[in-house]
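Quick note: the coordinates plus some simple rules give every number you see, no bench work behind them. The structure presented is a predicted model; accordingly, all values stated were derived computationally and were not measured. A quick note on method: Cβ atoms are made from the backbone with ideal geometry, for glycine too, and the neighbour counts reach across all protein chains shown.
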Amino acid sequence: MTVQSGENGVTPPGGPGVPGAPDPRRRVRRRDRHGRGLRGRLVPPGVPLYRTRAQQFDDMVLDAVARLEPRWEAELAHVEFAVQEVPEAEELADDSSPLPLARVVPGSADPRNPGQPAAPARIVVYRRPLMARAEDDDELSDLVFGVVVEEFASVLGLDPETIDPGYREGFD
């Protein structure tokens, strides 16, 4: 019978009852207390599962913007996109309006050159309210795209169907 309780499965010198050998009655303790499994992620860095939910959500927003880029590249160059966990307290002061999913921060014009903005418009997408409305990642991705299209349309002063002709198809 071989006892492999040493480091890396190496059998320690000697055997039971020999000085320096482990006591076979003594259990080796692992970091699996209370039967809840191993600690930490079981996925190595670099694998898609290693990304946090917040990072995955950021990727969904970037994918939504990338879907608009072929047609609206010039207009997107003047818009910044940001992700925030939840709306600011000032936005939630009015209980009569629904919880916002995103907001637009208008850009400011450059006083020396009014045609060129000093600060671009910014679309802020709220992660938690959107995640609460979606049942899975596919639905969340569609919802994020819809919100990005709506807010981008409001920045340009256009109808969302003009931005994305298939905009309403996902909502039927």
Site residue 134, offset 7 angstrom along Cα→Cβ, radius 11 Å on amide nitrogen, limited to the range 145-163, gives 145-148
Considering amide H positions built from the backbone, and no H for Pro or chain starts, which residues 5 or more places from residue 121, or on another chain, come under 5 Å of its amide H? 80, 107
